[in-house]
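The values are calculated or read from the model by the stated rules, or taken from the named source; none is laboratory data. Bear in mind that the values here come from a model prediction, so they are computed numbers and not experimental data. All Cβ positions, even for glycine, are placed from backbone atoms using ideal geometry, and neighbour counts span all protein chains on display.
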Amino acid sequence: MISFKGQRFPKEVILQCIRWYLVYSLSYRDIEEMMTERGVKVDHSSLQRWVVKYSPQLDREFHKKKKKVGSSWRLDETYIKVNGKWKYLYRAVDKEGNTVDFLLTAKRDTKAALRYLKKAVKRNGEPEKITIDKSGANKSAIKAYNKTTENPAEMRDIKYLNNIVEQDHRGIKRITKPMMGFKSFDSAQKTLTGIELGRMIKKGQMENSEGMTNAEQFYSLAA
C-alpha cells in the first residue's frame, strides 16, 4: 500500500502532478503554472520530491499486475545526461514492442549489460532469443549469462530487427527533453522508472485494465 500520510496536498493532486510530469513533455515549472491556474499553489521543488518518492512505489505496484512479455527480446541502450555527463539507459522490448525492463548505469560495458540482463530475467523470466546491434559489451554479457543457465538464449546480431527498440527510445527521449538533464543519478533513476511506467501503461501492459483509461490505470496503482 502506498502511503500519502503527512503530505499537505490530497493524494489525487499529487498523483495527477506526478502523472503529468511522467507522461507529457512538461517541466516542473510548467506543471506548477498549470496547477496555479487551477487554484492549487504547489512549488516545483515539491513536485520533484513527489516524482522521486512515488515513482518507484508505483512501479512496484504495476509489476504485480504487469502482463507477461514475449520470449524474443530486442536489447539496446540509449544516452541520458546526468549532472552534465552521459549515462546509459539499458532497455529491451519484445517483438511486439512491449517493454521488458530498463536499467540506468554509469558505464557502458559488459558488467553493466550483465546487471541489466539479470534484472530483466529476474522480473520477466528467461528469453528464448535476444537480438542486439553490434555491441561487444552486450555480446559478452549474453555469453556470460548463458554460461549460468540451463536454458541459454539464442543471440542474434541483426540490425533491422533491433529497429523496434531504437524507435522505442524516442518515447523516453520525448519526455526527458524538457527536463534538460538530471542533477543526480538517484533522481534520474527514480524518475526514469516513472517514465517507463507511463510508457508501459500506454502500451497496454497492465492486466485487468480493459475499459480503463491510461490515467485510471495509473491512479489505480495507488488505490
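Within segment 75-104, which residues are under 21 Å from SER209 (Cα atoms) and assigned to a strand (DSSP E or B)?
VAL93, ASP94, THR99, VAL100, ASP101
Evaluate segment 123-134: report whether one residue or more is within 20 Å of GLY70 (Cα to Cα), in a helix (DSSP H, G or I) and within 17 Å of the chain's Cα centre (by Cα).
Within segment 123-134, the subset within 20 Å of GLY70 (Cα to Cα) is 123-133.
Among the residues that remain, those that are also in a helix (DSSP H, G or I) are: 123-124.
From what is left, the residues that are within 17 Å of the chain's Cα centre (by Cα) are 123-124.
Yes, there is a match, as at least one residue in segment 123-134 is within 20 Å of GLY70 (Cα to Cα), in a helix (DSSP H, G or I) and within 17 Å of the chain's Cα centre (by Cα).
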Pairs needed: first member in segment 7-30, under 18 Å from ARG174 (Cβ atoms); second member anywhere, small (Gly, Ala, Ser) and surrounded by fewer than 17 Cβ atoms within 10 Å (Cβ to Cβ); C-beta distance under 7 Å; at least 6 residues apart or different chains. ARG19/ALA215
Among residues belonging to segment 154-180 that are modelled with pLDDT under 90 and loosely packed, with under 12 Cβ neighbours inside 10 Å, point out the one that is farthest from LEU103 (Cα to Cα). TYR160
Could you please let me know if LYS107 is assigned to a loop (DSSP other than H, G, I, E, B) and free of Cβ contacts under 8 Å to residues at least 24 places away in the same chain? yes
Some residue of segment 74-94 being free of Cβ contacts under 8 Å to residues at least 40 places away in the same chain and in contact with a helix residue (DSSP H, G or I) (Cβ under 7 Å, 6 or more places away or on another chain): yes
Could you figure out which of (1) basic (Lys, Arg); (2) within 30 Å of ASN214 (Cα to Cα); (3) over 17 Å from the mean Cα position of the chain (by Cα) isn't true of LYS147? (2)
State whether the residues of segment 13-31 include one that is surrounded by 14 or more Cβ atoms within 10 Å (Cβ to Cβ), at pLDDT 95 or above, touching a Cys at 6+ places or on another chain (Cβ under 6 Å) and of a type in the set (Val, Ile, Thr). yes
